[in-house]
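The values are calculated or read from the model by the stated rules, or taken from the named source; none is laboratory data. Remember, predicted model here, so these are calculated numbers, not experimental data. Because the Cβ atoms are built from the backbone with ideal geometry, glycine has one as well, and the counts that use them run over all protein chains shown. For the accessible areas, the whole protein counts, side chains as well, though only heavy atoms, and no ligand, DNA or RNA atoms are used. Shrake-Rupley method; radii C 1.70, N 1.55, O 1.52, S 1.80 Å.
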Amino acid sequence: MATTVTHLKAQLGAAAPASRATQDAPWVRWSLIGVALVFLGFFLVLPLAAVFTEALRKGIALYFQSFTDADTLAAVRLTFLTAAIAVPANVVFGVAAAWCITKFNFKGKSLLITLIDLPFAVSPVISGLIYVLVFGLQGWLGPYLDAGTHPWLGDWLNQQDIKVIFAVPGIVLATIFVTFPFVARELIPLMQAQGTDEEYAAITLGASGWQTFRRVTLPNIKWGLFYGVILCNARAMGEFGAVSVVSGHIRGETNTMPLQVEILYNEYNFVAAFAVSSLLAMLAMVTLVLKSLIEWRYAQSRATHD
Amino acid sequence: MSITATQITKTFGTYTALAGVDLHVPSGKLVALLGPSGSGKTTLLRVIAGLETADSGSGRIQFHAEDVTDVPTGKRGVGFVFQHYALFRHMTVFDNIAFGLNVLKRKERPSKDQIADRVHKLLKLVQLDNLGKRYPTQLSGGQRQRVALARALAVDPKVLLLDEPFGALDAKVRKELRRWLRQFHDEINLTTVFVTHDQEEALEIADEVVVMNQAKIEQVGTPQEVYDHPATPFVYQFLGNVNKLQLPWRGFSNADGSHGPFTDSSAKVAYVRPHELEVLRYRVGVDGEVASIRTIHAAGSVARLTCVRGSSEFVDVEISRQRLDELALAIDDPVLLRVRRSRTFAEDYAI
Amino acid sequence: MSSVRSSRSVLPGFGLSLGFTLAYLGLIVLVPLLAAFIRTSEMSWADFVTAVASPRVLASYKLSFGASFLAALVNSFFGLIVAWVLVRYSFFGKRVVDALVDLPFALPTAVAGIALTAIYANNGWVGGWMEPVWTAAVAKLDAWMPWASWKDWLGLKIAFDRPGVFIALTFIGLPFVVRTLQPVLEELEPELEEASASLGANRWQTITRVIFPELLPALITGFAMAFARALGEYGSVVFIAGNMPMHSEITPLLIITKLEQYDYHGATAIAVVMLVSSFCLLLLINLLQKWSRRHHRV
């Protein structure tokens with residue numbers, strides 16, 4: 001949450017008037033503001049407006065009718081299911097990683113931090129591909145998942161009807177991969193800044209490890225954690241490239257909302273495609289609002305504590 | 001080059017930083033702007049430098065006879081040294097000092113060799129001869145301060161302005177550097193104004209001290225004047241320790257050498273410095289205010305006593321170590337206090 | 001990685017949290033990534049070269065790297081202005097604008113893709129008037145300098161052509177430069193500018209000689225991050241690019257195409273080339289940040 005601290009400074013800084021030497025001439029100021037707003041208008045505001053305009057192009061009735069489609073509803077359900085698994089998994093990981101990285105000293109710590117960021121550097125398409133390589137029919141574990149090679153395991157998996165690639169587990173795994181760093185990278189700098197004094201104090205006062213975490217650490221990091229969760233969730237629900245590779249695009253079964261958008265769009269069903277998109281765009285806006293609120297709240301609490 | 005500021009008012013929103021301030025800095029003098037934080041001293045310095053503009057309709061700034069109120073900072077001919085130095089981190093010490101010359105218009109700019117020559121002279125002047133190639137991050141705090149000074153001097157300023165020049169340094173370096181600044185000033189003889197909240201610093205090196213409080217100037221004078229003859233209760237309390245004696249008291253010195261009660265019966269408070277009090281062992285029939293000893297600190301060149309008069313009026317007294325030995329005092333001993341010098345102020349009179 | 005504790009700690013949970021972290025990291029990230037490299041090592045050198053250096057693949061590299069570079073460059077320029085405006089000036093709606101900068105992070109790429117297509121297509125709000133202008137301009141350039149084959153480089157249309165790729169990549173890289181510059185700008189001491197002004201520098205000299213050098217490390221970092229993100233981008237591009245082989249086909253799309261043809265080795269080989277490029281960029285970004293931290297610690 002490093003950015004939130006600086007946001008606070010910006011707010012405080014805005015209150016203090018700039019001296020004559022650091023002020024730009026009004027024409028410079030207004031032209032730069034103009035350039036910035038035109039640029040952001042073309043690249044951010046117009047796309048957002050386009051989503052809703054296109055969705056409502058044929059009227060409100062058709063807009064709502066788009067959501068009655070069984071395949072679309074299945075896509076919505078799958079998207080929520082995926083996020084409901086991927087987000088908690090990465091929260092548990094993020095907290096564990098932040099705990100060992102910030103509260104203890106060990107060799108290879110900076111390498112570990114770099115490795116946690118690794119999925120951000122990997123193209124979504126490749127994120128999907130590597131799971132196909134591991135679990136696909138031609139992959140390492142593929143033969144085990146296919147009945148025949150190892151009859152006992154294959155039979156068992158077949159009976160349980162477990163498939164990874166072109167099925168829900170693959171979608172969940174690929175989503176976990178692409179959202180992997182979100183929670184950890186919010187918590188690590190935050191907990192690093194907070195140090196270990198309070199935890200030591202709790203331990204010397206007789207608290208157990210779990211009590212220390214729950215009553216001392218967690219309240220301190222709850223906003224950072226929430227921040228990580230909403231970013232993680234937005235990406236989990238919106239991921240397209242990675243999920244596209246592992247999904248197999250089976251209608252009503254392995255399509256998430258972004259994939260459903262693609263299918264509807266490619267079928268020239270633009271109203272439905274943009275209607276589903278409008279839900280995702282609203283999710284994005286809610287995410288941005290929550291994010292700003294947390295930054296604001298965090299800035300407030302910093303201001304009163306300082 | 002003298003500096004004259006007349007009727008300077010500066011407000012930030014609803015906050016008044018300067019309220020109609022008049023200041024004259026004589027040519028070639030080293031002047032300290034002294035005051036607590038929020039007194040307006042830094043704002044005054046910044047207005048003189050042109051980094052801040054005084055409220056419209058308020059007064060003028062003049063350098064010698066020239067009105068510079070509307071001259072932008074870079075053209076005023078001021079050298080400004082910032083509290084945290086504000087050195088350019090991506091430039092070497094050499095480039096930092098040369099900056100003011102390098103940004104001159106081509107036809108005014110000295111040649112490369114002339115610039116190098118000037119920078120080396122300045123480096124020598126601030127005793128950093130061989131550090132030109134270093135970056136600011138590779139210098140100590142005291143060295144950075146001197147680089148900042150050299151950078152300000154490179155443009156041949158008419159006046160030198162320093163904002164809390166020693167504020168960010170540790171105590172030992174601070175003492176060395178302020179003596180060095182005094183010598184340095186005597187060498188270059190440039191009109192210099194510096195801001196400080198440290199009275200010891202101001203009294204030690206300034207030719208003239210300007211004491212500020214709550215957006216106004218309280219008093220201007222030599223260090224001796226402001227210390228010995230404070231014009232206001234604020235100056236009295238801000239410069240050194242002072243006892244506010246709740247009158248009536250006995251034991252005031254009269255002109256003829258006798259002692260008696262404070263003569264002006266309408267005064268409520270008398271300001272007395274700890275060393276202006278005298279301590280006697282208690283004896284019946286001798287004039288003085290009765291008090292008892294609460295603490296004795298004898299670790300130092302003078303002995304500091306805390307006496308208590310009545311139930312709750314604490315009085316600090318400084319006497320020599322020799323006098324302490326003569327008196328042979330112990331805690332709770334009754335003593336008589338006598339006042340050698342005191343001062344009262346109109347605002348403390350009962351109406 | 002060694003997990004030796006350098007000092008005993010009274011805080012509990014070290015073994016458990018580190019063990020879980022390493023296991024999870026290994027299973028979710030490292031083993032699958034390793035699979036790509038091992039899969040590639042099964043290929044012969046000749047097969048590998050054919051897979052990663054066929055004309056169609058080479059054309060996709062040129063487009064992906066070129067358009068990503070250009071988009072990151074444009075984002076650096078406008079990102080600098082946006083960050084400056086957001087930090088230094090106050091204007092109505094500033095907080096909303098500030099929040100909106102993160103939209104490309106929050107908006108699913110597929111949604112961005114179809115929305116941008118709708119706007120920049122020749123019947124869209126912007127494409128409607130911009131495409132004829134663009135087509136005419138490129139045609140004029142071509143007539144003027146026929147040897148340069150401008151229409152191959154620049155494309156005659158906006159959406160469903162190369163400009164569309166550039167637009168989508170600019171969109172998704174937009175927040176990086178702004179968000180890396182903002183904190184640096186906020187922490188920039190006003191005294192630096194005042195010092196520069198008091199030494200006689202005019203505003204332009206102050207900006208180019210004092211402020212810009214201070215921002216440069218962050219600007220390069222933001223550029224590299226936007227570039228890396230654009231290289232791997234898929235979702236927003238496929239809708240707007242037109243996806244013509246040898247012309248407007250990006251590398252990630254080619255990986256998917258190979259996968260759909262069950263050419264696992266071909267797809268993996270290209271993926272390895274992209275992975276290595278990304279890791280080099282990541283390394284560069286880390287080195288830059290380390291360098292600027294050391295450089296700026298005063």
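Numbers for the structure displayed
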item: Net charge over other residues, Cβ less than 12 angstrom from the Cβ of C:Ile119 (K, R count +1; D, E count -1); result: -2
item: Those chymotrypsin sites (Phe, Trp or Tyr not before Pro) in the range A:195-273 that DSSP places in a loop and that have at most 14 other beta carbons within 10 Å; result: A:Tyr268
item: In order through the range B:165-175: 3J(HN,Hα) via Karplus (6.51 cos²θ - 1.76 cosθ + 1.60), integer Hz, x for Gly, Pro; result: x, 10, x, 9, 9, 7, 3, 6, 4, 4, 5
item: DSSP-loop trypsin sites (Lys or Arg not before Pro) across the range C:239-298, with at most 15 other Cβ within 10 angstrom; result: C:Arg297
item: Normalised alpha carbon radius of gyration of the range C:134-244 [divisor 2.2 N^0.38 Å]; result: 1.53
item: Translational diffusion coefficient (Stokes-Einstein; Kirkwood radius from C-alpha pairs) of chain B at 20 °C, 1.002 mPa s, in µm²/s; result: 92 µm²/s
item: Net charge contributed by nearby residues that have their C-beta within less than 12 Å of B:Asp228 (K/R +1, D/E -1); result: +1
item: Accessible area buried at the B-C interface, both sides summed, 1.4 Å probe (Å², nearest 100); result: 2000 Å²
item: Residue order for B:Val78, B:Val173 - accessible surface, 1.4 angstrom probe, largest first; result: B:Val173, B:Val78
item: Threshold 30 Å², the range B:73-92 residues less accessible with all protein chains present than alone (1.4 Å probe); result: B:Thr73, B:Gly74, B:Phe82, B:Ala86, B:Phe88, B:Arg89, B:His90
item: Cα-based equivalent ellipsoid of the range B:85-213: semi-axis lengths in Å, sorted from largest, via gyration tensor; result: 27, 17, 13
item: Globularity index of chain C, i.e. its alpha-carbon radius of gyration over 2.2 N^0.38 Å; result: 1.21
item: Semi-axis lengths (Å, descending) of the ellipsoid that matches the C-alpha gyration tensor of the protein assembly as shown; result: 69, 36, 26
item: Partners for B:Lys112 among lysines (Cα-Cα distance below 24 Å; same-chain residues under 8 apart left out); result: B:Lys75, B:Lys121, B:Lys124, B:Lys133, B:Lys158
item: Kirkwood hydrodynamic radius of the range C:121-194, Cα pairs, Å; result: 15.1 Å
item: Accessible surface, 1.4 Å probe, highest first, among residues B:Lys133, B:Lys268, C:Lys140, A:Lys103; result: B:Lys133, C:Lys140, B:Lys268, A:Lys103
item: Ranked packing of B:46-55, B:181-190, B:19-28, A:281-290, most packed first, by mean Cβ within 10 Å; result: B:46-55, A:281-290, B:19-28, B:181-190
item: Accessible surface buried once A binds B (1.4 Å probe; total of both sides; Å²); result: 500 Å²
item: For the protein assembly as shown, accessible area per residue (1.4 Å probe, heavy atoms of protein chains only), Å²; result: 44 Å²
item: Percent carbon-and-sulfur accessible area, the protein assembly as shown, ignoring ligands, DNA and RNA, probe 1.4 Å; result: 60 percent
item: Local electrostatic count at B:Asp333 - Lys and Arg +1, Asp and Glu -1, tallied over other residues with Cβ under 11 Å; result: +1
item: Chains A and C together, accessible area buried on both sides, 1.4 angstrom probe, square angstrom; result: 8700 Å²
item: Listing of the range C:11-25 residues, each with accessible area lower by at least 20 Å² in the full protein assembly than in the chain alone (probe 1.4 Å); result: C:Leu11, C:Pro12, C:Phe14, C:Ser17, C:Leu18, C:Phe20, C:Thr21, C:Tyr24, C:Leu25
